[in-house]
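Just below is one structure, and these are the notes that go with it.
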Amino acid sequence: MSFWNVTLKLLEAAKFTVGIFFLTLIIAIPLGIVICACAMSKFKPLKYVTQVFIWIIRGTPLMLQLVVVFYGPGLLFGTPIQDNFLATIIAFSINYAVYFAEIYRGGIISMPLGQYEAGKVLGMNRAQTNTLVIFPQVVKKITPAMSNEVITLVKDTSLANFIGVMEIIVTAKSLVSTKAIIWPLFYTGVFYLAMVGILTLFFKWLEKKMNYYRA
């Protein structure tokens, strides 16, 4: 099989990899805010339940979570998830939302109390202080940690092959078994490196844009 044909096959499969990546971010970023708010809630039952949930998600492998989401409903309720791509998005979104929530929480609690007091002195209410003073600083503080998680997500998309999603790795393995050539499996690294390279450049640009404020 020619190099060009293999490239076309992998590019076709890349749409699933890119789809998992972007859909996970679209869901996980706002969901992480909700989880963070629950984890920091003054309502203790909600806070403790959320903390246990975070502990479970952070303490178990993403691959196991994929298995639970894909096979769990069928085993427990007799209604299995038919779409393995949907199961992947659900598992990835929950997993990354939890990690994003912890990053948000770390950024928020790192802010000195004097920032809130300064906002109060200036006549701002709590919402204005959070929006105009705290939020811009938190965003800058958490950008490096968020960039690491987002780049990790690119590589974690390969785990979707465990439940049969036709992403790049599955396609390469199929070519290896049907065409008796092993190099397509190594060639997939080029696609991951390209995506990670683009994201790295983007986050470097973003960090430079936020250099207007130095903590």
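Restricting to the range 4-22, what's the tally of residues that are surrounded by fewer than 17 Cβ atoms within 10 Å (Cβ to Cβ) and aliphatic (A, V, I, L, M)?
Final tally of qualifying residues: 3.
Condition first: aliphatic (A, V, I, L, M) and exposed (fewer than 14 other Cβ atoms within 10 Å of the Cβ). Now tell me which residues in the range 182-195 satisfy that.
Ile182, Val190, Leu193, Ala194
Keeping to the range 73-93, report how many residues are hydroxyl-bearing (Ser, Thr, Tyr) and over 16 Å from the mean Cα position of the chain (by Cα).
First pass over the range 73-93, keeping only residues hydroxyl-bearing (Ser, Thr, Tyr): 79, 88, 93.
Filter once more, so that each one left must be over 16 Å from the mean Cα position of the chain (by Cα): 79.
The total comes to 1.
Picking from Thr60, Thr17, Thr7, which residue would you name as being polar (S, T, N, Q) and at pLDDT 95 or above?
On the way: Thr17 fails: at pLDDT 95 or above; Thr7 fails: at pLDDT 95 or above.
From the options Thr60, Thr17, Thr7, the qualifying one is Thr60.
Is it the case, given these coordinates, that Gly106 is touching a helix residue (DSSP H, G or I) at 6+ places or on another chain (Cβ under 8 Å), of a type in the set (Gly, Ala, Ser), in contact (Cβ under 8 Å) with a residue 24 or more places away in the chain and closer than 21 Å to Leu159 by Cα?
Against the criterion (touching a helix residue (DSSP H, G or I) at 6+ places or on another chain (Cβ under 8 Å), of a type in the set (Gly, Ala, Ser), in contact (Cβ under 8 Å) with a residue 24 or more places away in the chain and closer than 21 Å to Leu159 by Cα), Gly106 does not qualify.
If only one of Gln137, Gln128, Gln115 is touching a residue at least 60 places away in the same chain (Cβ under 8 Å), of a type outside the set (Asp, Glu) and farther than 22 Å from Gln65 by Cβ, which one is it?
Result: Gln137 is the single residue among Gln137, Gln128, Gln115 that is touching a residue at least 60 places away in the same chain (Cβ under 8 Å), of a type outside the set (Asp, Glu) and farther than 22 Å from Gln65 by Cβ.
Condition check: aliphatic (A, V, I, L, M), assigned to a helix (DSSP H, G or I) and loosely packed, with under 14 Cβ neighbours inside 10 Å. Does Ile29 satisfy that?
no
Being charged (D, E, K, R) and in a helix (DSSP H, G or I) is the filter; apply it to the range 150-207 and report the residue that is nearest to Phe70 (Cα to Cα).
Selected residue: Asp156.
Yes or no: the range 55-73 includes at least one residue that is small (Gly, Ala, Ser), within 22 Å of Leu153 (Cβ to Cβ), without any contact (Cβ under 8 Å) to a residue 60 or more places away in the chain and touching a helix residue (DSSP H, G or I) at 6+ places or on another chain (Cβ under 6 Å).
Checking the range 55-73: not a single residue is small (Gly, Ala, Ser), within 22 Å of Leu153 (Cβ to Cβ), without any contact (Cβ under 8 Å) to a residue 60 or more places away in the chain and touching a helix residue (DSSP H, G or I) at 6+ places or on another chain (Cβ under 6 Å).
Identify the single condition in (1) at pLDDT below 95; (2) surrounded by fewer than 16 Cβ atoms within 10 Å (Cβ to Cβ); (3) over 16 Å from the mean Cα position of the chain (by Cα); (4) part of a helix (DSSP H, G or I) that Phe70 does not satisfy, given that it satisfies every other one.
Against the list (1) at pLDDT below 95; (2) surrounded by fewer than 16 Cβ atoms within 10 Å (Cβ to Cβ); (3) over 16 Å from the mean Cα position of the chain (by Cα); (4) part of a helix (DSSP H, G or I), Phe70 comes up short only on (2).
Scanning the range 35-63 for residues that are over 19 Å from the mean Cα position of the chain (by Cα) and of a type in the set (Ser, Thr, Tyr), which turns out surrounded by the fewest Cβ atoms within 10 Å (Cβ to Cβ)?
Step by step, filter the range 35-63, then rank; the result is Tyr48.
The values are calculated or read from the model by the stated rules, or taken from the named source; none is laboratory data. What you see is a predicted model, and the numbers here were worked out from it, not measured in a lab. As a convention, Cβ positions derive from the backbone with ideal geometry for all residues, glycine included, and neighbour counts pool all protein chains shown.
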